[in-house]
Amino acid sequence: MQSCSEEHQQRNCSSNEPSVQQLERTAALFKALGDPSRLTLLYRLRQGELCVGDLVTTENKLSTVSARLQTLLNANLVTRRRDARHLYYRLA
């Protein structure tokens, strides 16, 4: 007689499971979305492309906004382009 786990393994092919790389990307996505300040940036970018300077507020310094945008960029939630000395971000 087979155990429950053996029977389950036979019915469910392990190829349905995500790869380690897929799980890591998903974890990075949830990490990026798990911060209210980064969500605020995404919310503001829904209007369209904005320069980093336009995203800076009295509560958030340029370096802080840049770091948060980098996290969103690494999670493929935003894209950026350079125009001379300015970086512009938009939703991916």
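What are the residues in segment 23-80 that are out of contact with any strand residue (DSSP E or B) (no Cβ under 7 Å at 6 or more places or on another chain) and β-branched (Val, Ile, Thr), if any? Across segment 23-80, the qualifying residues are THR26, THR40, VAL56, THR57, THR58, THR64, VAL65, THR71. Tell me, please, whether a residue that is of a type in the set (Phe, Trp, Tyr) and surrounded by 13 or more Cβ atoms within 10 Å (Cβ to Cβ) can be found in segment 43-55. So far as segment 43-55 goes, no, none of its residues is of a type in the set (Phe, Trp, Tyr) and surrounded by 13 or more Cβ atoms within 10 Å (Cβ to Cβ). Those helices (runs of 4 or more DSSP H) of segment 3-92 in which at least 2 residues are in contact with a Phe, Trp or Tyr (Cβ under 9 Å, 6 or more places away or on another chain) and modelled with pLDDT of 90 or more, considering only elements entirely within it, cover 36-45, 52-55, 62-74.
Of all the residues in segment 23-59, those that are of a type outside the set (Lys, Arg) and touching a Ser or Thr at 6+ places or on another chain (Cβ under 7 Å) number 2. Among the residues making up segment 78-89, those that are open to solvent by 40 Å² or more (accessible area, probe 1.4 Å) and either more than 28 Å from GLN22 (Cβ to Cβ) or of a type outside the set (S, T, N, Q) (or both) are ARG80, ARG81, ARG82, ASP83, ALA84, ARG85, HIS86, LEU87, TYR88.
The values are calculated or read from the model by the stated rules, or taken from the named source; none is laboratory data. Computed from a prediction, not measured in an experiment: that's the story for all the values here. Heads up, the Cβs are rebuilt from the backbone with ideal geometry, glycines too, and the neighbour counts pull from every protein chain shown. Heads up: the accessible areas ignore ligands, DNA and RNA and are worked out on the full protein's heavy atoms, side chains in. Shrake-Rupley method; radii C 1.70, N 1.55, O 1.52, S 1.80 Å.
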